[in-house]
Every structure is written in structure tokens, then in C-alpha cells.
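Peer 1: Below you will find the structure I want to go over with you.
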């Protein structure tokens with residue numbers, strides 16, 4: 001087996017765990033999401049935090065409409081970008097929930 005086949009199989013395995021959501025009508029692949037409390041000097045409330053094993057460079061900053069349409073979770077959130085993060089093997093962004 002060549003190195004390219006091994007790399008491709010690892011990528012396929014990683015992608016198979018993800019599902020698509022829409023952020024401003026752009027597809028973004030995530031593995032999970034969290035809704036958690038947030039507070040800073042300017043605002044406080046709850047943030048929606050999509051999490052992925054892939055970089056979330058397609059996730060827009062600024063105002064966003066996030067549509068999650070998974071079997072158990074189907075909802076639309078209007079929010080504003082707050083922060084992005086990268087950790088070992090995971091990447092995420094957070095949107096302050098406005099509606």
C-alpha cells in the first residue's frame with residue numbers, strides 16, 4: 001500500500017464522522033456542536049460552537065445564520081461571530097446567539 005493510499009484512507013475515515021451544516025448558506029463539515037454560556041466586556045448570553053476535525057476556514061466572521069439539520073437536532077440560529085480556536089485534532093468557532 002502506498003503512502004498516498006494510507007493518507008487517503010485516514011482522510012476518508014475522518015470525513016465519515018462529519019456532517020454538513022449551513023453557515024450563511026455555505027456548507028461546513030462538523031463533527032459536533034455545543035451551546036454554552038458566554039460573557040465578555042461587550043456581551044453575554046449563549047454561544048453556538050461548531051466543532052470539527054477539519055479547519056473551519058469556510059466559517060464566516062461577522063453576522064451569520066446557522067442551519068443545523070441533523071436527525072435529532074433541527075434548528076436555525078441567527079448569531080454573530082465571537083471567536084475561533086484550534087486545539088490538538090479539533091477546530092471550532094463560536095457565534096453569540098441573537099435569535
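The values are calculated or read from the model by the stated rules, or taken from the named source; none is laboratory data. In this text the structure is predicted, and so the values were computed from the model without any measurement. So basically every Cβ, Gly included, is an ideal-geometry build from the backbone, and we count neighbours across all protein chains shown.
Peer 1: Is there any pair linking a residue in the stretch 51-66 that is without any contact (Cβ under 8 Å) to a residue 60 or more places away in the chain and on the phi > 0 side of the Ramachandran plot to one that is outside any loop (DSSP other than H, G, I, E, B) and surrounded by fewer than 17 Cβ atoms within 10 Å (Cβ to Cβ), with Cβ under 8 Å and at least six apart or on different chains, and which?
Peer 2: Once the first residue is without any contact (Cβ under 8 Å) to a residue 60 or more places away in the chain and on the phi > 0 side of the Ramachandran plot and sits in the stretch 51-66, its partners that are outside any loop (DSSP other than H, G, I, E, B) and surrounded by fewer than 17 Cβ atoms within 10 Å (Cβ to Cβ) give 62/80.
Peer 1: Could you tell me how many of the residues in the stretch 30-44 are at pLDDT below 90 and either within 23 Å of residue 89 (Cβ to Cβ) or in contact with a helix residue (DSSP H, G or I) (Cβ under 9 Å, 6 or more places away or on another chain) (or both)?
Peer 2: Number of matching residues: 0.
Peer 1: Here's another thing I want to ask about it. Can you tell me which residue in the stretch 27-78 is farthest from the chain's Cα centre (by Cα), limited to those that are part of a loop (DSSP other than H, G, I, E, B) and within 17 Å of residue 16 (Cα to Cα)?
Peer 2: 71
Peer 1: Could you check residue 16 against (1) on the phi > 0 side of the Ramachandran plot; (2) at pLDDT below 85 and say which number it fails?
Peer 2: Result: residue 16 passes all but (1).
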